[in-house]
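To keep things clear, I will list the structure first and then write my remarks on it.
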Amino acid sequence: MAYHNDLGKLGEELAEAYLLEKGYVILERNYVFQKAEIDIIAQKEEGTISIVEVKTRNSNVFGDPQDFVTKSKIKLLVKAANEYMLANGLEQEVRFDIIAVLKNKRTEQLEHFENAFYHF
């Protein structure tokens with residue numbers, strides 16, 4: 001597996017550990033619908049499902065990790081989230097979060113952006 005894939009997997013593991021520490025329940029990891037993938041689907045408050053996109057970088061020279069969530073990625077996340085909610089018969093509110101991970105030999109930094117974007 002390529003280094004960037006390993007780094008992404010590590011970032012998702014760090015994000016999951018963070019969410020669990022904050023009291024979230026992980027409902028699903030790496031949920032795939034067509035060409036869309038949701039890294040983590042979690043729930044903390046009753047009535048709200050958190051769709052979490054994890055972005056991991058080893059440097060912020062070209063921008064912070066959260067800056068790499070594109071409009072096309074958001075569109076895919078919304079599509080997959082909609083399918084997840086329908087397929088599981090869920091009628092809760094959906095919130096889209098980003099967890100930005102900066103990880104290299106000297107740094108391990110994680111930042112959680114709740115309500116990072118809106119789907120309409």
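Yes or no: Leu90 within 15 Å of the chain's Cα centre (by Cα) and either under 17 Å from Leu7 (Cα atoms) or of a type outside the set (S, T, N, Q) (or both)? No. Going residue by residue through region 103-111, is there one that turns out to be basic (Lys, Arg), at pLDDT below 85 and touching a helix residue (DSSP H, G or I) at 6+ places or on another chain (Cβ under 9 Å)? Yes: region 103-111 contains one or more residues that are basic (Lys, Arg), at pLDDT below 85 and touching a helix residue (DSSP H, G or I) at 6+ places or on another chain (Cβ under 9 Å). Entry remark, region 8-35: residues being surrounded by 14 or more Cβ atoms within 10 Å (Cβ to Cβ), hydrophobic (A, V, I, L, M, F, W, C), over 12 Å from the mean Cα position of the chain (by Cα) and farther than 22 Å from Leu76 by Cα number 1 in total.
Looking at this structure, is Arg29 more than 14 Å from Glu13 (Cα to Cα), of a type in the set (D, E, K, R) and in a strand (DSSP E or B)? It is false that Arg29 is more than 14 Å from Glu13 (Cα to Cα), of a type in the set (D, E, K, R) and in a strand (DSSP E or B). Screening region 36-47 for residues that are closer than 15 Å to Glu91 by Cα and either assigned to a loop (DSSP other than H, G, I, E, B) or open to solvent by 30 Å² or more (accessible area, probe 1.4 Å) (or both) and picking the one that is modelled with the lowest pLDDT gives Glu45.
The values are calculated or read from the model by the stated rules, or taken from the named source; none is laboratory data. In this text, all values refer to a predicted model and were calculated from it rather than measured experimentally. Counting neighbours? That spans all protein chains shown, and the Cβs are built from the backbone with ideal geometry, glycine included. Quick note on the areas: whole protein, heavy atoms, side chains included, nothing else; ligands and nucleic acids left out. Shrake-Rupley method; radii C 1.70, N 1.55, O 1.52, S 1.80 Å.
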